[in-house]
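Structure first, then comments.
Readers should treat all values here as calculations from the given coordinates under stated rules, not as data from a laboratory. What you see is a predicted model, and the numbers here were worked out from it, not measured in a lab. Because the Cβ atoms are built from the backbone with ideal geometry, glycine has one as well, and the counts that use them run over all protein chains shown.
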Amino acid sequence: MGSRSSHAAVIPDVDSIRRETGFSQASLIRLHHRFRALDRNKKGYLSRIDLQQIGALAVNPLGDRIIESFLPNGSQQVDFPGFVRVLAHFRPVEDEDTDLDPKKPEPLNSRRNKLHYAFQLYDLDRDGKISRHEMLQVLRLMVGVQVTEEQLENIADRTVQEADEDGDGAVSFLEFTKSLEKMDVEQKMSIRILK
Amino acid sequence: MFLLLPFDSLIVNLLGISLTVLFTLLLVFIIVPAIFGVSFGIRKLYMKTLLKIFAWATLRMERGAKEKNHQLYKPYTNGIIAKDPTSLEEEIKEIRRSGSSKALDNTPELALSDIFYFCRKGMETIMDDEVTKRFSAEELESWNLLSRTNYNFQYISLRLTVLWGLGVLIRYCFLLPLRIALAFTGISLLVVGTTVVGYLPNGRFKEFMSKHVHLMCYRICVRALTAIITYHDRENRPRNGGICVANHTSPIDVIILASDGYYAMVGQVHGGLMGVIQRAMVKACPHVWFERSEVKDRHLVAKRLTEHVQDKSKLPILIFPEGTCINNTSVMMFKKGSFEIGATVYPVAIKYDPQFGDAFWNSSKYGMVTYLLRMMTSWAIVCSVWYLPPMTREGDEDAVQFANRVKSAIARQGGLVDLLWDGGLKREKVKDTFKEEQQKLYSKMIVGNHEDRSRS
């Protein structure tokens, strides 16, 4: 009946996770609670199936890509630190994050890292470039069977052309960042955890 | 040991006397009122006392928390994250507008930024979704002196611990044996009573006896759980030839509804004790029991139910269209089968007050026996039942729309969240048809623009 309380003491390595992700202790406790709710068989980690069983995620056209982004480098499961590391990209940017200490690594929720996360959803083979083929594949996910192959190719071509500056037929991370420089990434890619 | 000998007969006598007194009290205060359907008001008094104790306990904990300067309440139930209820189209347009330096009518069909919408929505569902939290018990805001609901309540002073200990003693040593005795009485009376009534010749007398045997036994079971039920709008109670639908939280729902009305039950034939009860009940009046193999055949099920409702002399059917137990904070998709039959539907909303004991049956966590034991060691089961006015399917509605209409009415009355998701999501994955809806919406956006462009 309900779950046992998620005290900070129950979360392993809570301090290092807090430093790495920037989440407050209260937020981490809530996310741990959520992690345990998703981990139906109490394995201590989440597998692909656990994430696929979230109904609202399964109907998201990019659902599978998002699930992939949690599973690092071919592994089939994600533990709590890994889980929170991905979610940290969506932490809203707060004032204390903006005065960056140049010696410390860039926080996970910086504009650059948020854009990098989105870039990786397109870049299926992780080669640092979005080829026309990869663009087509992601587009196909988002439209399903509603659009013909020809129309889709036209759209993909146009989009790659607009962003591609050095003419190599693919969109590198720099070009991606440049074409989205006006966009309020910090706001659009942020999820606020309620207190 | 030798010292006990002279006291032996004394102890035996005392035991005998106390047991007799206990049983007489039981009979007078519980069983006789159950037979006649009256109440002494003992349970209501009990509930009021408990509320006073809980209020005191909460005050103590608040004081303790204030001393240590911490926050006491952690209301998770409203969701972990802040969400904006905007549609797919609005959000993508807004994202494009903010990102694009070009004028609106020159926007590309696909903006690289479109992905952000799906990305964020997906991440939001990973952090918090409407469905997963419906399959675990509702979390209370303040403690009700049961260790099972102690989530984050740390500021428990010595006095509270003593009170809790007292509570454990009362619940396990006094209430539990009492309740088990009552349950045993109730069930055996049901089996014996219905079998006996089964031997009577068919006629008005048999129906009368059957109705009262059923009601009496359900009322005893209600007292066995110390269920304090408030019925509202009893003039809308289901009549013969109708179907009664209600939201499902636990198997106890059946006992709660059946102790106030005379229904025909629908269900699968079980083995063991349930099977014995089922076979006995059907001797007294026609319930609809399906063999396991028949349950899969939807047409057969529909046919038998239709036959039952068309016979006006038969009792109203009791059905729980959600198909599975939900934690009583929301109502999930109603299966359309019962709404295709074409009979009058009598909706009933059941809302439990979790403060006295959470009635939700988490079937993946607890088996039936564990569940019943937990029920019998809670303080009480307090709930409200609303009988809603009857509804019939309108001419232009199909079964699904009708089901949704009934579901909304029940959710509104019970103060529950109305969800479109299927309760079956507890165990299975969602269908792909829902994904297509999102894909269609998005395609319209990008292809629609493409057509405008080629025209210009």
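Annotations for the structure displayed:
- Taking amide hydrogens as placed 1.01 Å from N in the peptide plane, the amide H of B:S330 sits under 5 Å from those of B:V417, each at least 5 positions away in sequence or on another chain.
- For chain A, calculated [θ]222 nm from helices alone, where every DSSP H run of n ≥ 4 adds -39500 (n - 2.57): -14000 deg cm²/dmol
- Look at the stretch A:113-122: the mean tally of other chain Cβ atoms within 10 Å of its residues' Cβ atoms is 2.
- Inter-part distance where segment B:324-374 and segment B:273-299 are each reduced to a Cα centre, Å: 20
- Sequence of B:F360, B:F36 once ranked by neighbouring C-beta atoms within 10 Å, starting from the fewest: B:F36, B:F360
- Inter-chain Cβ neighbour count for A:33-46, averaged per residue, equals 2 (cutoff 10 Å, partner chain atoms only).
- Within 10 Å of each Cβ in A:185-191, the average number of Cβ atoms from other chains: 5
- Reported to the nearest whole Å, the Cα centre-to-centre distance from segment B:195-264 to segment A:25-90 is 46.
- By other beta-carbon atoms within 10 Å, ranking B:E291, A:E162, B:E90 with the fewest at the front produces B:E291, B:E90, A:E162.
- Cα gyration tensor shape of segment A:128-194, rounded if a/c is under 1.5, else prolate or oblate by comparing a/b with b/c: oblate
- Neighbour counts of C-beta atoms inside 10 Å place A:H116, B:H308 in the sequence A:H116, B:H308, starting with the fewest.
- Sites B:L25 and B:L420 - FRET efficiency at Förster radius 41 Å, r taken between beta-carbons, to 0.05: 0.20
- Local electrostatic count, B:H287, Cβ distance below 12 Å [Lys/Arg +1, Asp/Glu -1]: +4
- Length-normalised contact order of chain A in % [C-alpha pairs under 8 Å, at least 6 apart]: 20
- Karplus (6.51, -1.76, 1.60) ³J(HN,Hα), θ = phi - 60°, over segment B:392-408, in Hz, Gly and Pro reported as x: 10, 6, 7, x, 9, 8, 9, 4, 5, 5, 4, 4, 5, 5, 4, 4, 4
- Distance from segment A:100-165 to segment B:24-63 (C-alpha centre basis), Å: 64
- Gyration tensor verdict on segment A:41-178 (Cα atoms; rounded if a/c is under 1.5, prolate if a/b is larger than b/c, oblate otherwise): oblate
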